[in-house]
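Everything on this sheet refers to the single structure shown next.
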Amino acid sequence: MNDAPPVNPRDPNFISQCNAPLRAELEADYDVLARQLQRRGLKIEPVMHAVADFRVAIPSWGVGTGGTRFARFPGPGEPRNVFDKLEDCAVIHALSGATPTVSLHLPWDQAEPRALRERARELGLGFDAVNSNTFQDQRGQALSYKFGSLTHTDPAVREQAVAHNIGCIRIGEALGSKALTLWIADGANFPGQQHLAHAFERYLESAAEIYAALPADWRLLIEHKMYEPAFYATVIQDWGSSLMAAQSLGARALCLVDLGHHAPHVNIEMIVARLIHAGKLGGFHFNDSKYGDDDLDAGSIDPYRLFLIFNELVDAQWRRVSALQPAHMLDQSHNVTDPIESLINSAIELQRAYAQALLVDRAQLADCQQRNDVLMAARALKRAFTTDVTPILARARLERSAAIDPIAAYRASAYRNQCAKLRPVRDGSRSGIV
Ligand code: LRH
Ligand code: MN
């Protein structure tokens, strides 16, 4: 931790001071890349502007240090409440230029909506989808979710879970959010424990009550997950179950793809292509993983997979697929890095995958695919993926008055140091993701 005098990392003067010595080099690198792309018949400016317009929401639960069931090792200056979390989210946005909204988790982020909305407005932030929570029992909760929530065999428990979700929608309305992300942990640990068909029917019944409570301009984002905490069967286990539910609930029920919620080696870009085809791709929880729902930084393990997902999104844009407005959100757990640095970096890795996908020569690719020129088709994608778009990403940040080198600026601000002084350390290393 450096002991430079603390500055406000959101201060535009501080950011332009950090940028000043880096501008000339950036311009030079940008011009070199512009000429390279020109030789490939590609214009750099439209790509830069598209990247500058790219937005991804920050998960409120991601700005505190994450943990596993074994332990959590809180870092210095942990956010103590949702208002501290908003401060940290504002720093991420000021330096990355790409994260103007926050996705809240209720009741973890419970607070007076007007005060929350007002503070967010002061910080230049808005709210993306709100997340409900029927995977934990809250203090004073009447009925337990041990054996499920929306699919529990006891109608009283289902009603309690439905009421919680409707409560989240009402809070979200007061905050200006336009979507509810619905992930439930409901499932079974042993064959026979749960009637697989009846559980799904109970899900549809409960979700229909939640859907009916949605304001007319809201969306319901159904999040599937293969396993954990249920280790044999999960009611909304895969994209098929999620799609069936979304199709039976209605037009504003859509599917959310959390990259970590699939078995290793599952072709997620194929799932994205299918959900686009069905008109049911509602959004993403971006992260990366090697084994399970590891919630690692986006693009940190398999950046080519991330690129291939953005390739499907850009291809759909190119094919003018209508009404494709997926909500981009991060969902990560930062157990060993500074969460602010990881979230800044992850937002940038999403922009990198998007920029590379915009550099695919789609006419050439389509022609190779038509003529089954397999190698040239694969090369058309690899050529875009292996293009170092770093100058475009930095230029896009500059375009947004953000930091050319946001991590260096963040460290120069000693913001974490300041937080450590202002925010007393909470109790030791207890387990759990947040
Ligand atoms: C479930 C999940 C879900 C959130 C939770 C924090 O694994 O991805 O999106 O509610 O993480
Ligand atoms: Mn998720």
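Bear in mind that the values in this text are calculations on the coordinates, not laboratory data. Everything numeric here is computed off the predicted structure, so don't read it as measured data. Cβ sites come from the backbone with ideal geometry, for glycine too, and all protein chains shown count toward neighbours.
In table form, for the structure just shown:
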| quantity | calculated |
| --- | --- |
| Normalised alpha carbon radius of gyration of the chain [divisor 2.2 N^0.38 Å] | 1.00 |
| Most positive-pole-ward Cα, T65, I92, G126, against dipole of the stretch 42-200 from beta carbon charges | T65 |
| Computed E for F83/F231 - FRET, C-beta separation, R0 45 angstrom, nearest 0.05 | 0.80 |
| Among T337, Q364, A316 - extreme Cα towards positive end, dipole of the stretch 266-386, charges at beta-carbon | Q364 |
| At most 16 other Cβ within 10 Å, DSSP loop - trypsin sites (Lys or Arg not before Pro), the stretch 343-382 | R371 |
| Integer Hz, Karplus 6.51/-1.76/1.60 couplings in order for the stretch 77-86, x for Gly and Pro | x, 4, x, 8, 7, 5, 6, 5, 4, 5 |
| Straight-distance crosslink candidates among lysines, where the alpha carbon sits under 24 Å from K43 and sequence neighbours closer than 8 are dropped | K382 |
| Fluctuation leader among H164, H198, H224 - the chain, Gaussian network, Cα springs under 10 angstrom | H198 |
| The stretch 1-147 - Rg (one decimal) and Dmax (whole number), Cα, Å | 20.5, 67 |
| Rel. contact order, % - alpha carbon contacts under 8 angstrom, at least six apart, the chain | 26 percent |
| Given charges at beta-carbon only (K, R positive; D, E negative), |dipole| of the stretch 35-133 in Debye | 520 debye |
| Those chymotrypsin sites (Phe, Trp or Tyr not before Pro) in the stretch 371-423 that DSSP places in a loop and that have at most 12 other beta carbons within 10 Å | none |
| Paramagnetic reach from H198 (point 7 Å along Cα→Cβ, amide N under 12 Å) across the stretch 129-160 | 152-155 |
| Segment D217-M244, extension gain: residue separation times 0.36 nm, minus the distance between their alpha carbons | 7.5 nm |
| Separation between Cα centres of the stretch 304-344 and the stretch 389-418, rounded to whole Å | 20 Å |
| Fraction in percent of alpha-carbon pairs per bin - 10 Å, the stretch 165-273 | 14, 43, 33, 9, 0 |
| Packing-based ranking, highest mean first, of 416-424, 279-287 given that Cβ atoms within 10 Å are counted | 279-287, 416-424 |
| Cα-derived Rg over Rh, computed across the stretch 320-363 with Rh taken as Kirkwood radius | 1.12 |
| Extension gain, M270 back to D11 (0.36 nm per residue minus Cα-Cα distance, nm) | 89.0 nm |
| Segments 327-334, 183-190 sorted - mean Cβ within 10 Å per residue, highest first | 327-334, 183-190 |
| Whole-Å semi-axes of the ellipsoid equivalent to the stretch 241-374 (Cα gyration tensor, √5λ, descending) | 25, 20, 14 |
| Which of A52, L104, Y211, positive extreme of dipole for the chain (C-beta unit charges) | A52 |
| Set of the stretch 52-94 residues, backbone N closer than 12 Å to the point 7 Å along the Cα-Cβ line of E399 | 52-55 |
| Extension gain (nm, one decimal) between R121 and V425, 0.36 nm per residue minus Cα-Cα | 106.7 nm |
| Label-reachable residues, the stretch 378-416, where backbone N falls under 13 Å from a point 7 Å from V32's Cα toward its Cβ | 388-392 |
| For the stretch 351-376 and the stretch 169-234, distance of Cα centres in Å | 37 Å |
